[in-house]
Each structure stands twice: as structure tokens, then as C-alpha cells.
Amino acid sequence: MTPRLNVRKRDKPIARRLVVAMYNLALDPRPSGGAAAPVPTRTIFPGGWRSGRTSGMEFNQIVRRRRMIRNYDPERSVPSPIRDRILANALHAPSGGFSQGWAFLVLESPQDRERFWAAAAEEEADGSYDWVLAGLQRAPLLVIPFAHKAGYLERYAEPDKGWTDQDEARWQMPYWYIDTGMASLLMLQTVVDEGLGACFFGLPPSRVPAVRAEFGVPDAYEPIGVLSIGYPAPDTPSPSLKRGRRGVAEVVHHGQWGQHQP
Ligand SMILES: Cc1cc2nc3c(=O)[nH]c(=O)nc-3n(C[C@H](O)[C@H](O)[C@H](O)COP(=O)(O)O)c2cc1C
């Protein structure tokens, strides 16, 4: 019996790619964390910020080079300044009502990661080996982002919002998942900017209670997935990529639904 996660599977990898990631590891000098200072007037990109790039990568490159990486060099841990920057950037995600209803569980030590995989991995009925899981398990850093719905219901019950009944029917969209997803994307992009690799993958619903219990996570916090992070090792591209990327002409509508590319 081997553990299995609801990650993509293939019996035999048919292609391997070497992910070359040699980017400048310079840290972003922008201030983050600490107590929020009062801002009397609104200034976008105040002069105190350095507006230039620090890693040498343009934003478009960061967006386009990001790929889910499912195998890591187990010998290289994630330097703590990089880990901290990844997490600090997550906190700059937008959030409805500035609720910031999220939390992040960081697992780094071999013991903690082992505790996670023991709790999260499902037993494989047929005993077949899941190579994707093997690669993910080499990641030296795991970050589990949690959505906190109650934080939103409480925030929107405050006087400036006024939804004092905290009725979920008022929500056209569950912002708690949206915002935690945005924070996750910021982490994925920071990982690319630092020359590392990451994969966002889902937890089997049946394993969520075990993960919560193992790490003492309150029921009010819902894991939206897991980020594995580390230095990339050769891995196999997702078969899903064969679908191809949908183009702007297909998915963007101008002026009227169905009207593409004016
Ligand atoms: C919400 C979400 C859940 C995902 N879950 C998994 C997963 O469980 N296992 C996995 O291997 N990849 C997972 N992926 C990665 C996708 O397969 C991947 O993003 C997609 O194939 C496009 O490839 P790219 O991100 O490398 O461009 C997930 C991605 C997202 C956004």
C-alpha cells in the first residue's frame, strides 16, 4: 500500500524536462508586515518605494514562466528570507472589505512534512506507485493556505458594511475562497521571481479532518489546497497541458457576449 493524493497520475513518465531556473535572488526592498500606519491621503506608488525590478525578471516573464513544478531537489531547502518574502507577499493580496480572512500553515522540518503526508495521503488500493506524489514529497517547504469564512461574515457585519444578520445568502461569491486563492497566486508568482518552483495541489476531502487534527487547525479554517515549494528538479509536464491555452479571441467578449476581437 502506498500513499496517494488526488494529484494527476501517469503510470510511466514519457517525457522529462529540466526546469532551468537561474534567476537573481535579490530581495524586494518594499516594506511589508508590521503595524499598519495611518495613511491620510492616498498615493499610488509613493516615491519612497523603489519602482524598479530587483530580480531581473519582467512581470510578464514571471506570469508566463510560472508552471506547476512537481519535483524538487531534496538537498536544497528554501532559504528563510525567500520563505518569508513568499509569505509576506501573500498578505498583499486584495480582500473583500479588507477582511484578510486567511491563514497559512508552514511546514518545513522533515518531521512536520512527514506528519502532513501521513495525514494527507490516501492509501492506494492497488498499491501502484504515484510518481507525482513522490516528487511533491521532496518539496522542502509546504504552505497550506486556509480560508476563514467567519472572518468575512464578521467583517461585513461591521457598521460600514451592515450585514448584521451574517446571512451567507448575501454573498454572490464566496470571497473567502477568492481572496485566499489570490494570496496563493501571489505566492506562486513570488516563487518564480525567486527562481524556485511550486505546485498548487488539492487535498482529498476525506483527508481534511485528519490534517486539521494533526496540526490543531480549528474547524472554521478551510484548507483551499497546498503549495509545495522548492528548487526545481526534472519533472514531467502535466498531460493537461495538451489541451492548449485558450486564446484571447475565444474567451474575451467585447461589448456583447459572443462578439470577439473588434
Ligand atoms: C485550483 C487548482 C487545483 C490544482 N490541483 C492540482 C492537483 O491536485 N494536482 C496537480 O498535479 N496539479 C494541480 N493543479 C495544477 C494544474 O494542473 C495546472 O495549473 C494546469 O495544468 C496548468 O499548468 P501550469 O500551471 O503548469 O501552467 C491545480 C491548479 C489549480 C489552480
Restricting segment 121-150 to residues that are in a strand (DSSP E or B) and modelled with pLDDT under 95, which is farthest from the ligand (Cβ to nearest atom)?
Glu123
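Residues are listed down the side, and each one gets a yes or a no for (1) without any contact (Cβ under 8 Å) to a residue 40 or more places away in the chain; (2) more than 16 Å from the ligand (Cβ to nearest atom); (3) more than 30 Å from Ala220 (Cα to Cα):
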site	(1), (2), (3)
Arg67	no, no, yes
Tyr72	no, no, yes
Ser77	no, yes, yes
Asp84	yes, yes, no
Ala88	no, yes, no
Ala93	no, no, no
Gly96	no, yes, no
Gly101	no, yes, no
Leu105	no, yes, no
In segment 90-110, is there at least one residue being closer than 14 Å to Glu194 by Cβ and modelled with pLDDT of 95 or more?
yes
Output the qualifying pairs, or none if there are none: Cβ atoms under 7 angstrom, residues six or more apart or on different chains, first residue in segment 226-255 and modelled with pLDDT of 95 or more, second residue within 10 Å of the ligand (Cβ to nearest atom) and part of a loop (DSSP other than H, G, I, E, B).
Val226/Leu203; Pro232/Ile69
Inside segment 82-120, the number of residues satisfying the requirement of being assigned to a loop (DSSP other than H, G, I, E, B) and in contact with a Pro (Cβ under 9 Å, 6 or more places away or on another chain) is 1
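Condition check: surrounded by 14 or more Cβ atoms within 10 Å (Cβ to Cβ), of a type in the set (Asp, Glu) and assigned to a strand (DSSP E or B). Does Glu222 satisfy that?
Working: surrounded by 14 or more Cβ atoms within 10 Å (Cβ to Cβ): yes; of a type in the set (Asp, Glu): yes; assigned to a strand (DSSP E or B): yes.
When the stated conditions are applied, Glu222 passes them.
Rundown of residues vs (1) of a type in the set (Phe, Trp, Tyr); (2) away from the ligand (no atom under 16 Å from the Cβ), yes/no style:
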| position | (1), (2) |
| --- | --- |
| Tyr152 | yes, yes |
| Ser240 | no, no |
| Ala249 | no, yes |
| Gly258 | no, yes |
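Name the single residue that is surrounded by the fewest Cβ atoms within 10 Å (Cβ to Cβ) among those in segment 157-181 being assigned to a loop (DSSP other than H, G, I, E, B) and under 25 Å from the mean Cα position of the chain (by Cα).
Restricting attention to segment 157-181, the residues satisfying the condition of being assigned to a loop (DSSP other than H, G, I, E, B) are 157-167, 171-174.
Then drop every residue that is not under 25 Å from the mean Cα position of the chain (by Cα), which leaves 171-174.
Numbers: Trp171: 15, Gln172: 6, Met173: 8, Pro174: 15.
Filtering segment 157-181 for residues that are assigned to a loop (DSSP other than H, G, I, E, B) and under 25 Å from the mean Cα position of the chain (by Cα), the one surrounded by the fewest Cβ atoms within 10 Å (Cβ to Cβ) comes out as Gln172.
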Among the residues of segment 197-213, how many are loosely packed, with under 15 Cβ neighbours inside 10 Å and either in a loop (DSSP other than H, G, I, E, B) or touching a residue at least 12 places away in the same chain (Cβ under 8 Å) (or both)?
3
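The values are calculated or read from the model by the stated rules, or taken from the named source; none is laboratory data. Worth saying up front: this structure is predicted, and the values here are computed from it rather than measured. Because the Cβ atoms are built from the backbone with ideal geometry, glycine has one as well, and the counts that use them run over all protein chains shown.
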